[in-house]
Amino acid sequence: MDLIDSTTITYGTLFLTSTVAFGPSPSILVNSLITIPILLYLTRPGQEKSDFLIAYGIVTVASFVAYLPTTLHMLPAVQSILLQLVFSFVSAGFVCLPLLAYRALQNTLVIKESENEETREASMRNRSRWLGIAGFPFLWMTGWLVFEQINPFGRQGSPTGSASTLPTFLHPILRHLGQPGLDFLAASWSVAIARIFTVISDNPSVASQMYNQQRQRTDERRRISLGRGIPGHKSVDLIGFEDESRAEGSLAPSPLEGSRVDQLADPQPRSRSSSHGYGTLTAMLGRRLSRAAQPAFLDLFDHAYRAFIGITLILTVVPGLFFPMMAPLSMSAPISKMTPISVGCVLPQAKTRHLADFIRETDQLAPYAKILLWPEQALHLRTEEERVQVFIQVHEVAARHGVWVGVGLGSPPRSNPVAEDDLEHPKRRNEIVLVGPHGVVGEYEKRRLVPIVESYGYMPGSETPPLWEIGLPPPRAIAKPDWAEKAPYVRDVPVMPLICLDSLHPSIASSPVRASGGNTDHSTAGSPSLILLSTSPPAAKSGSVASIVLDHAKDLAIQHGAQVLVCDGSGSEAVSGLVEVDGTVRYRQRGEGGFVVKSGVRYKQGRGSGWEVLGGLGVWGIFTMVMILGTGIELGSHKLRKAGSTVGWSSIKERLKKLWRKRRDREETARLIDTE
């Protein structure tokens, strides 16, 4: 039975699933269970190069079709189409390059038929089957880690997806291993499925025999059941069926020979052994296949494959069991565990926004909030004097109400003022400045700029996102000793700023550094309780880009165990809100108009997750060690088995067993003497 007998069906399925797997909101399940296994099948060793080129084209077109409605409003139509086509072509390249590298790796591990017996034995000892299986997940993870670093849109375009499309049971992996861990896991399941798919497709006799034998067993049970109710008919039906099965040319021995009748009549599980050492399942199914089909079946369930499946299962299940996700805090939680804090977004509804509009709305919302955020580039400033004037007026409001305000500005360069008619100077800055009751707390400049729209007019920042400590005094209804242990009786809430596309680069913010008084301490990293995400994507006519930013804010919330305040100033289709620590949206607003949300963050956040400590390169390093360790163990075991056969490994094992039995007997004798 050939599972792939139609090229049209294969390519059609690849195109349809690729629009989901490589679109703006990719599904990791569709990606790992369908799309990538098909690509692995089409690019396996022995396939024509034309299959790879066709697959490359299908992925490019599918990504282009899926993304075009999202990016069409960012630039004029022709430019948007051309840029999206280039982006889809490049992202499809990162899909297919790991496939090519994996194919080359498999070709180097293949043992040639022309090799003699001695050469083949040496090749078996020096070539790693583990590397041939686990190599693709490692290459896949590495490719998308590089993609994030060179892509202006970060993780957007990768098939991993965001928390919006990620199953809940995978959230702990995102929390502790980040997107690289998800990439490795998704590719691992793809390899597992593609391996079964390829073995059955390349060896139709395996599938056909398993299907025929299952049908025979079903018919046999039915005949036995009928025979029990009709005296004298049981043996006749069984003999007739046995002859019929042989007449059909069944390659497997009849299951009704000898004691098989009793086994089918009383189907109890029995222990089975396999001379091949491939376990109960392999022995039970492998012995029922013909000799022609057994090698492919046993190759499927070899030691390396089973070890790989075991690691994949552990990676899927263990994080959720031992590292459960943090749940959002209830507003009724005790004050010893929660710091109540109200946060808000300043979004004046005026079409042409000026400083007076933002100051007025900030003053209106300040009595109800402790932290307020302006959208990205709320004001475009021409001179440093204008910038200073903004800080003076914001500080007056902050000091009067005791609040902290994150001010989004398009500022002139630090040294030379920009001419009034030149707002596109290459050294302009896109920044957030946090102003508190006692003045400016810190500044952060956007690191990832939008291509063409910003890249020619602004200078990207170079500093790691800071971690600002906001000292909150106790609320009126709470006594000072209950709020903090000692004077000045304030609780420090760590806050991290990000601007728009920075949120699509999780590696940028994996380990924020503490900053105080405008000074950054690069020697200490921490974990934020609140992330301030100021954004204003170029999507005034469409909210799709704004929704993508909110989706990536959910990833940030899960990875850092922090709330994320999103303030979007892109117009009537803007998407703003507050995201909880588990990726759920506590409050969501479309369009303009300021708001305040009452919430609470954990008191004493504690240590950061594995992702915050290691970052993307650290997680990559861990998986690199796993690959090296697995390969070393496999190759070392080959050499040990070879050495064992030379020095009499079986006799050594027998001696060890005898020593163990003698020791056990001595302990038993001593126990009896003590008892007497």
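Can you give the Kirkwood hydrodynamic radius for region 358-402, in Å, rounded to one decimal and based on Cα pairs?
Values: mean 1/r = 0.0885 Å⁻¹.
Here the Kirkwood hydrodynamic radius works out to 11.3 Å.
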Requested in this report: Beta carbons within 10 angstrom, averaged per residue: use that to sort the peptides 485-493, 185-193, 64-72, highest first.
Outcome: 185-193, 64-72, 485-493
Report summary line: P(r) over all Cα-Cα pairs of region 581-633, 10 Å bins from 0 to the longest distance, whole percent per bin, short to long, reads 16, 25, 24, 20, 11, 4, 0
Requested in this report: Only Cα pairs under 8 Å and at least 6 apart count here; give the relative contact order of region 339-600 as a rounded whole percent.
Outcome: 19 percent
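Express in nm, to one decimal, how much length is gained between Ser25 and Val613 on full extension, taking 0.36 nm for each residue of separation and deducting their alpha carbon distance.
Values: separation 588, 0.36 × 588 = 211.68 nm, distance 2.76 nm.
Difference between extended and current length: 208.9 nm.
Would you please give the FRET efficiency between Ile628 and Leu68, computed as 1/(1 + (r/R0)^6) with r the Cβ-Cβ distance and R0 = 45 Å, to the nearest 0.05?
0.60
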Query raised in the report: Residue separation times 0.36 nm, minus the C-alpha to C-alpha distance between Lys486 and Leu100: what's the value?
Result: 132.8 nm
Query raised in the report: For region 339-600, how big is Rg over Rh, using alpha carbon atoms and the Kirkwood form of Rh?
Result: 0.94
Query raised in the report: Looking at Tyr489, Ser455, Trp468, which one has the Cα that reaches farthest to the positive end of the dipole of region 436-502 (charges on Cβ: Lys, Arg +1; Asp, Glu -1)?
Result: Tyr489
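Just so you know, all these numbers are worked out from the coordinates, no wet-lab data involved. Model, not experiment: these values are computed from the prediction. We place every Cβ from the backbone using ideal geometry, glycine too, and count neighbours over all the protein chains shown.
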